[in-house]
Structure formats: structure tokens, C-alpha cells
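Written below as C-alpha cells is the structure these notes are about.
The values are calculated or read from the model by the stated rules, or taken from the named source; none is laboratory data. Source: prediction; values computed, not measured. Glycine also receives a Cβ, built like all others from the backbone with ideal geometry; neighbour counts cover every protein chain displayed.
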Amino acid sequence: MRVNWEGVIPAITTPFNADFSIDYALQAEHAKWMVAAGCTGIVPFGSLGEGATLTYEEKLATIENLVHALDGEAPVIPMISSLSTAEAVRLTRDLQAAGASGFMILPPYVYSSDWREMSGHVREVLKATDLPCMLYNNPLAYKTDFLPPQVAELAAAFPNLEAIKESSADLRRVTWLRTLMPSEFKILIGVDDLAVEAVSVGAVGWIAGLVNAMPAESVRLFELARAGRHAEAFELYSWFLPLLRLDIGTKFVQMIKLAVEYAGWGSARTRAPRYQLEGEELASVMRTIEEGFANRPAPAGVA
């Protein structure tokens, strides 16, 4: 299925059973729920999806499960994140065979490589597939930083590099990319509490986190921002921001999974080394979640 790289695309969480195996049935229903709410694709194995804790076999099974569940309704776009370039290449080929529609490519995420090394890694992945790909730039988390001229160099060499998830939290990067890239190259924001601001400078997509708990509100917010309906977008954003800020910090996976559980989509379980929150830390996050849900705006078109 063709990827258009626009709209709200969830970085889907991975639901675990009590024994920490993947709950594939819930995973499928969760993905279908978000697509039915207007999301335009699904990205498994991101940081939020706890990709680093999943086995190779679990990744293959997840793609087969999501592709079957969505049945052409939306593309499945796994993130390629591996400790070695050789495994990244093998995973790309195997996930394409399993039905992936495209890929989000992370540079080496443990070894903080330089430009020669990180570009070499990405080039090998791009050569391994003819499917459309998106580069994931998150220097805050992974210490590697693709500057816009470097992105332009990669895109010029590989036509299947069609988009970037820009998570530097520096909106000047979006503008800089727009000055260098052809109009068909898509820029997506990867930071939940910058979604509206990113649209104002040219982002056309949002790889989102809190969408896992509130897809209708996420899609509505992004559509209002893209339509230039600033007053309506600001009103919705003002309510949403405390929840969207759960996407920030070391324990964002635990926090967003708590919101997902509160929304009725399984357990907040996380695989070690992540532990679930406890004490005042847990209480503080739950106050934010409960207040957000209690003050949830009425659906569009409902008084």
C-alpha cells in the first residue's frame, strides 16, 4: 500500500500480556481503532513501541499481524533500528517480505557515529529496499544529528528517501529543510507538544505518541492546524498540551502507556529495563491523565 507521509501516523505502543509476551490480538484491534479515527498509517518498533526489547521473530510476527489486521486500510511502516548495519539490512528485507509498506530508518542508536558512519548505515538500508523510506532524526535521544544539507545529500542519492521525522525540537530545522528539499519531500514532526507549531512552518505529518490513547483528538488537532483554523486549533491544543507533554523525558513510554491503559487499551506493562511508575511519580502522571480525560472536549459536531 502506498505511503503518503501526511497526516497523523501513530508510533504504536506494544501491548504485553501478564507474562510479557506480545498481545497480538489487542495490538491488531488498537491499530484498527486508530486508523478508523483518521490516522493515515502505523509505525511499530519506535522508541514508544519498545522496539529495542523485541526479538527479531516478534518483529516479523508484528508486521504480519498488523498488515493482516489493517488489510489495506493504512500502510504499516516499521522502524528499522538495529545495533549492526548487517542486521538492519536483513530486517529491512524480511519485513518487506512480511508486508511492510515502507520504513522509518534510525541511525545506529547505541554507538554515536559520525557522518561517514551514520550515512553509511542509512545508505545500506536504503539500498536494501525499493519501498519508500523516512529518515528519523532525533539527536536529543540518539546523539546522532542529520543536518539538513546531509539529508539533502541522502535524498539526492536515493529517490526512495521521501520524508523525515524531525525530532530535534528545533523548528528552524523544518524551515531549513524546506529551503533545501524539493516540494515532494515530506517533513513530519516527531514531538507531540510541537505539532501545531511545526505545521505553521511547513510540517505535513505527525508521528505521534499520545494518539495511542486519543486518536480522534489528535487527528482533529492536526487537521485544524493544517486548515489554518487557528482559534479552534489553539482551544483544542490548550486542553491537550498537558497530555501531549507526557511524550517528553526518559519515562515517556511508561507515561503514555498509562494513558493508553486509562483509555481502555490493555495494560501499561513495559519490558525491563523499563519499570512501571510508582509512588508520587505515578500519582502525578495519573492526575494529569485523569484531568485530561475528565475535561475532554466533545467530539467535533457535538454541542
Next on the checklist: Could you tell me how many of the residues in region 37-61 are part of a helix (DSSP H, G or I) and either in contact with a helix residue (DSSP H, G or I) (Cβ under 9 Å, 6 or more places away or on another chain) or farther than 15 Å from A88 by Cβ (or both)?
Outcome noted: 8
Checklist outcome for this item: Inside region 124-140, the number of residues satisfying the requirement of being surrounded by 16 or more Cβ atoms within 10 Å (Cβ to Cβ) and assigned to a helix (DSSP H, G or I) is 3
Checklist entry - Given the conditions (1) part of a helix (DSSP H, G or I); (2) within 16 Å of the chain's Cα centre (by Cα), and given that A203 satisfies all but one, which numbered condition is not satisfied? => result (1)
Next on the checklist: Please determine whether any residue of region 284-302 is surrounded by 11 or more Cβ atoms within 10 Å (Cβ to Cβ), on the phi > 0 side of the Ramachandran plot and not polar (S, T, N, Q).
Outcome noted: no
Checklist entry - Within region 217-259, how many residues turn out to be under 29 Å from F16 (Cα atoms) and either in a loop (DSSP other than H, G, I, E, B) or without any contact (Cβ under 8 Å) to a residue 12 or more places away in the chain (or both)? => result 4
Item to check | Condition met for P78 (modelled with pLDDT under 95 and surrounded by 14 or more Cβ atoms within 10 Å (Cβ to Cβ)) | outcome: no
Checklist entry - What are the pairs, 6+ residues apart or on separate chains, where a residue within region 138-160 that is within 15 Å of F185 (Cβ to Cβ) has its Cβ under 7 Å from a residue that is part of a loop (DSSP other than H, G, I, E, B) and among the aliphatic types (A, V, I, L, M)? => result A152/M181; A155/M181; N160/L131
Checklist entry - So L66 fits all but one of (1) farther than 15 Å from K257 by Cβ; (2) surrounded by fewer than 24 Cβ atoms within 10 Å (Cβ to Cβ); (3) modelled with pLDDT of 95 or more; what number is the exception? => result (2)
Checklist entry - Inside region 195-214, can you point out the residues that are crowded, with 22+ Cβ neighbours inside 10 Å, touching a strand residue (DSSP E or B) at 6+ places or on another chain (Cβ under 7 Å) and not small (G, A, S)? => result W206, I207, V211, N212
Checklist entry - Residues of region 96-123 being out of contact with any helix residue (DSSP H, G or I) (no Cβ under 6 Å at 6 or more places or on another chain), aliphatic (A, V, I, L, M) and surrounded by 20 or more Cβ atoms within 10 Å (Cβ to Cβ), which ones? => result M104, L106, M118, V122
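In region 216-260, how many are among the acidic types (D, E) and either over 20 Å from the mean Cα position of the chain (by Cα) or surrounded by fewer than 18 Cβ atoms within 10 Å (Cβ to Cβ) (or both)?
3
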Checklist outcome for this item: From the option list R178, R229, single residue qualifying as basic (K, R) and in contact with a strand residue (DSSP E or B) (Cβ under 8 Å, 6 or more places away or on another chain) is R178
Checklist entry - Restricting attention to region 52-63, which residues are closer than 18 Å to N212 by Cα and at pLDDT below 95? => result none
Checklist outcome for this item: Picked from region 265-283 (must be among the aliphatic types (A, V, I, L, M) and surrounded by 10 or more Cβ atoms within 10 Å (Cβ to Cβ)), the residue farthest from A52 (Cα to Cα) is A283
Item to check | Top-ranked residue of region 172-195 - restricted to ones that are in a loop (DSSP other than H, G, I, E, B) and either touching a Phe, Trp or Tyr at 6+ places or on another chain (Cβ under 8 Å) or aromatic (F, W, Y) (or both), ranked as nearest to V151 (Cα to Cα) | outcome: F185
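Given the criteria surrounded by fewer than 20 Cβ atoms within 10 Å (Cβ to Cβ), at pLDDT 95 or above, within 24 Å of L70 (Cβ to Cβ) and among the basic types (K, R), does R93 qualify? Even if it seems obvious, please write down each step before you answer.
Working: surrounded by fewer than 20 Cβ atoms within 10 Å (Cβ to Cβ): yes; at pLDDT 95 or above: yes; within 24 Å of L70 (Cβ to Cβ): yes; among the basic types (K, R): yes.
For R93, the condition - surrounded by fewer than 20 Cβ atoms within 10 Å (Cβ to Cβ), at pLDDT 95 or above, within 24 Å of L70 (Cβ to Cβ) and among the basic types (K, R) - is met.
Could you pull out the residue among A155, A169, A198 that is closer than 25 Å to R220 by Cα and part of a helix (DSSP H, G or I)?
Residue meeting the stated conditions: A198.
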Checklist entry - Looking at region 24-50, which of its residues are modelled with pLDDT under 95 and surrounded by fewer than 24 Cβ atoms within 10 Å (Cβ to Cβ)? => result S47
Next on the checklist: If I go through region 62-115 residue by residue, how many of them are of a type in the set (V, I, T) and in a helix (DSSP H, G or I)?
Outcome noted: 6
